[in-house]
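**Q** Got a structure here, written out as structure tokens. Questions coming.
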Amino acid sequence: MVTKSDSVMATIDAQGLLFKELNTRLRGMVNAGVEQIKIENVYGQRYIGTDLNKPVEIEVHGTPGNDLGSFMDGPKVAVYGNAQDGCGNTMNNGEITIHGHAGDIIGMSARGGKIFVRDDVGYRAAIHMKEYNGKRPILVIGGTAQDFAGEYMAGGVMVMLGLTLNGNLKHQANFIGTGMHGGVIYLRGTVQPYQLGKEIGVGELDDSDWQVLIGLINDFANRFDLDTKNITSEKFVKLFPKYLRPYGRLYAY
């Protein structure tokens, strides 16, 4: 039970808790008006922050399981460790900051909010990410991603900064942007044409692109105590969809 004196800050020790019990405690605290919650000793519990819709700040210490922050609408979640698959799945609003790596399908179908990952992510980052009712989801990856990054993107912004590439800035992912028909990818470093989906164009950044990108890099750098100037000193490329409906003929007669 949360008392009035607990209404500003509270702590949950997740040691030995099943994910259902952990999330029941978390939801109870949020509904009671707790504004800041620290969750300690997290070892793979799933669905942390799922469907929460209040501006609560949540610290996660450890490794959260799949679908951290899925369907989330407003909270700010900071993970001090790595995150598993499905982080930010169908997120509507809010922020997720990961001080480590993240797994596959991060940002899947996100329609709003921001996700910042200090290091690398797995496969199919930002798959089906979209824009919804004027909201524009953001995914900023400090390192790089595995294959099919940006697959079927329909909106939003994904940034890959390549900070873990040891200076050569050559991203290794293949099939980047396959099926992409909306949104934009900003990539620091280089990729070869064979690494891109057939639907993807490559171009230089214009002033409006830089305005968006600099703001996101500043935000990223502030979260992880990095230098924006060092990040922006390297070349960026813009990846964008050539077609609005790349597979439209499959479903039209």
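The values are calculated or read from the model by the stated rules, or taken from the named source; none is laboratory data. On a predicted model such as this, the values are computed, not experimentally measured, just so you know. Neighbour counts are summed over all protein chains in view; Cβ atoms, including those assigned to glycine, are modelled from backbone coordinates with ideal geometry. What goes into the accessible areas is simple: the full protein's heavy atoms, side chains included, and nothing from ligands, DNA or RNA. Shrake-Rupley method; radii C 1.70, N 1.55, O 1.52, S 1.80 Å.
**Q** Helix 207-224 versus the longest principal axis of the chain: what is the Cα-based angle in degrees, 0 to 90, to the nearest 10?
**A** Tilt of helix 207-224: around 40 degrees.
**Q** Here's another thing I want to ask about it. Give a quick list of GluC sites (Glu not before Pro) in the range 22-108 that DSSP marks as loop, anything other than H, G, I, E or B, with at most 15 other Cβ atoms within 10 Å.
**A** The qualifying sites are Glu35.
**Q** Work the Kirkwood hydrodynamic radius out for the range 153-253: mean of 1/r over every pair of different alpha-carbon atoms, inverted, in Å.
**A** After inverting the pairwise mean of 1/r, the radius is 14.6 Å.
**Q** Counting only protein heavy atoms and a 1.4 Å probe, tell me what percentage of the range 47-200's accessible area is made up of carbon and sulfur.
**A** Reported share for carbon and sulfur atoms: 46 percent.
**Q** So what's the angle, to the nearest 10 degrees on a 0 to 90 scale, between helix 19-31 and the longest Cα principal axis of the chain?
**A** With rounding to tens, the tilt is 80 degrees.
**Q** Right, next: On a C-alpha basis, how far is the centre of the range 26-72 from the centre of the range 219-240 in Å? Whole number, if you could?
**A** Centre-to-centre distance over Cα atoms comes out at 28 Å.
**Q** Now a separate question. HN-Hα J couplings of the range 89-95 from phi, Karplus 6.51/-1.76/1.60, θ = phi - 60°, integer Hz, Gly and Pro as x?
**A** Working through the residues one at a time gives 4, 6, 5, 9, 6, x, 9 Hz.
**Q** Quick check: with the 1.4 Å probe, what order do Ser208, Ser109 take by accessible area, largest first? Can you show the working numbers first?
**A** Working: Ser208 65, Ser109 20 Å².
Highest to lowest solvent-accessible surface, that is Ser208, Ser109.
**Q** What full-extension length gain, to one decimal in nm, is calculated for Asp147 and Met9 as 0.36 nm per residue of separation minus the Cα-Cα distance? If you can, show how the numbers build up before the last one.
**A** Details: separation 138, 0.36 × 138 = 49.68 nm, distance 4.04 nm.
Residue separation times 0.36 nm, minus the Cα-Cα distance, leaves 45.6 nm.
**Q** Then there is this: Counting alpha carbon pairs within less than 8 Å and at least 6 residues apart, what relative contact order, in whole percent, applies to the range 23-181?
**A** The normalised contact order for the range 23-181 reaches 13 percent.
**Q** Past the 23 Å Cα-Cα mark, which pairs from Lys54/Lys135; Lys38/Lys130; Lys114/Lys242; Lys38/Lys76; Lys76/Lys235; Lys76/Lys242? List each step's numbers first, then the result.
**A** Values: Lys54/Lys135 17 Å; Lys38/Lys130 31 Å; Lys114/Lys242 25 Å; Lys38/Lys76 12 Å; Lys76/Lys235 31 Å; Lys76/Lys242 34 Å.
Violating the 23 Å Cα-Cα cut-off are Lys38/Lys130; Lys114/Lys242; Lys76/Lys235; Lys76/Lys242.
**Q** Under the rule of -39500 (n - 2.57) per DSSP H run of 4 or more residues, summed and divided by the residues of the chain, what mean residue ellipticity at 222 nm is obtained, to the nearest 500 deg cm²/dmol?
**A** Value at 222 nm, helices only, nearest 500: -4500 deg cm²/dmol.
**Q** Under 13 Å from the 7 Å Cα→Cβ point of Tyr132, by amide nitrogen: which residues of the range 67-107?
**A** Residues passing the 13 Å test: 70-74, 88-94, 107.
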